[in-house]
Amino acid sequence: MRPASTPRLPVTARVFTQRFSSTPRGARLARHLALHRLDAWGVPYGSAISETAALLVAELAANAVTHGRVPGRDIEVLLRLDAYTLRIDVSDSRGERRPSAPEGAAPKADAEGGRGLLLVEALADRWGVFDRVPVGKTVRAELDLPGWGPVPEEG
């Protein structure tokens with residue numbers, strides 16, 4: 001006899017990947033297109049999830065074009081949405097310049113960097129830095145979506 005299982009929503013992952021120029025304009029465009037894609041997936045503009053995702057994409061993309069820029073190389077943004085999690089990956093070509101987790105330590109007031117990742121730490125349920133093959137790094141932030149499920153696709 002099989003044990004009763006907890007009913008779960010079907011997991012249909014939606015994925016969006018796009019490369020952007022490694023410039024402030026590219027970072028802004030990344031945020032705008034990410035919000036547009038989330039809205040198309042059933043996460044309305046102005047919702048708590050949309051607003052949090054906007055801040056995360058903006059910060060990670062700004063960090064990538066500021067600290068991870070290699071002339072002639074783009075950044076890449078990947079969004080993955082399923083019934084339980086929104087994952088935001090921003091990749092750049094500078095694998096040797098890896099941010100470290102704040103671990104509760106506030107940066108000095110005159111520090112040139114690090115404050116933005118405090119936003120990521122505060123907003124994301126999880127975040128981390130991963131190697132990108134063949135070159136570079138990916139900074140990932142994840143949001144848990146308890147009790148939320150994307151609108152089913154028609155068709």
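Scanning the range 102-127 for residues that are assigned to a helix (DSSP H, G or I), at pLDDT 85 or above and of a type outside the set (V, I, T) returns L118, L119, E121, A122, L123.
Of all residues in the range 128-145, those satisfying the criterion of being among the basic types (K, R) and not in a loop (DSSP other than H, G, I, E, B) are K137, R140.
Pick from the range 29-71 the residues that are among the charged types (D, E, K, R) and surrounded by fewer than 16 Cβ atoms within 10 Å (Cβ to Cβ): which of them is nearest to G116 (Cα to Cα)?
E51
Being of a type outside the set (V, I, T), crowded, with 16+ Cβ neighbours inside 10 Å, closer than 18 Å to A61 by Cα and modelled with pLDDT of 90 or more is a description that applies to L79.
The values are calculated or read from the model by the stated rules, or taken from the named source; none is laboratory data. Remember, it's a predicted structure, so these values are computed and weren't measured experimentally. Neighbour counts are summed over all protein chains in view; Cβ atoms, including those assigned to glycine, are modelled from backbone coordinates with ideal geometry.
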